[in-house]
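Novice: Have a look at this one.
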Amino acid sequence: MRALQAFAFLRSEPSIGTCRTCGTDAALFPLEANVGLALLHQSGGDNGHQLVSLAVGSFLNQHGAATLAAAQAAREAGNAPNAVLAAAVAIVGLKQGERMRRSTRWLIDAFAAAGLRNAVDEGFDLARVVPDAAARELLLAPQRDAQAMALLDGFDARGARSVFVRWLRSLGGRRAAVLAALAATLGWRPLMHKRVTRPTVECLGPWLQLFGTSIGASVEAARHEPARFCGIDSAELLGRRRSPKPPSSPCLAGCRARRICSPSSRWWACC
């Protein structure tokens, strides 16, 4: 429900300013900042916004997924939009995010023991973190993971920074581990400052999955293609850098295909 409640942000008007989270007028900020406020009690900077956009964007295209089939069936049956989204997120069970949670938990333990203070510290010695056999089975892909590589390419294209991603790239991590690395980066500072608890950070990846699933499910099934979402190539969707400029309004309405969060966002949905 927490993920679905975030869509209230998309319908707020800056001139009214009635929607607030953590004491902040949510309508004045992009969705990436509102996700951070809702889950981590901080809006985050440009690097954090890029990581949120990348993680959520990786779940938008649901071609061939049960979540999209459920949402489309609910839509064709004439259900309300919230029921359509609920049908999709109801398919996302605990088991789907289990590897992400376990991976995030291991990354927190390992890097805390190695003395990491700043999750974007380019000078941190990666050799201080050595995975054991169990960790390798959890984090590393037995063969080249195309989805993980797409995430890493998008990460590079956005100019994002993360000690966790840099370490994982050197070993060849699987998709769930890359998403866990993004979550650990986002949650590291608030966790170190005791603004959030460990379970909050460990579950951040699955929460981002719920956001992405909800947004993707708002689009009709015909707009989900094997390598394109709403006519946008998947690689472009993951790698297109989000503008750091605050939006002038949370939504562009009145057209058939509109941006669902802000003029500066790269996430789209169909009316």
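What follows is calculated from the coordinates using simple rules that are stated; it is not laboratory data. Everything numeric in this text was worked out from a predicted model, so none of it was measured. Methodologically, a virtual Cβ is constructed for each residue, glycine included, from the backbone with ideal geometry; neighbour enumeration extends over all protein chains shown.
Novice: Are any residues in region 175-214 in a loop (DSSP other than H, G, I, E, B) and more than 16 Å from the chain's Cα centre (by Cα), and if so, which ones?
Specialist: Matches in region 175-214: 193, 194, 195, 196, 197.
Novice: Same structure again: Which of the residues that make up region 119-161 are exposed (fewer than 13 other Cβ atoms within 10 Å of the Cβ) and assigned to a loop (DSSP other than H, G, I, E, B)?
Specialist: If the condition is that a residue be exposed (fewer than 13 other Cβ atoms within 10 Å of the Cβ) and assigned to a loop (DSSP other than H, G, I, E, B), then 122, 123, 125, 130, 132, 142, 143, 144, 159 are the ones that fit.
Novice: Filter region 39-73 down to the residues that are closer than 30 Å to residue 226 by Cβ and not in a helix (DSSP H, G or I) and list them by number.
Specialist: Passing the criteria: 58, 59, 60, 61, 62, 63, 64, 65.
Novice: Taking the condition over 30 Å from residue 73 (Cα atoms) and of a type outside the set (Asp, Glu), does residue 169 pass?
Specialist: For residue 169, the condition - over 30 Å from residue 73 (Cα atoms) and of a type outside the set (Asp, Glu) - is met.
Novice: Starting from region 93-105, take each residue that is in contact (Cβ under 8 Å) with a residue 24 or more places away in the chain and list its partners that are surrounded by fewer than 17 Cβ atoms within 10 Å (Cβ to Cβ) and among the basic types (Lys, Arg), counting only C-beta distances under 9 angstrom and pairs at least six apart or across chains.
Specialist: Every condition considered, the pairs that remain are 105/198.
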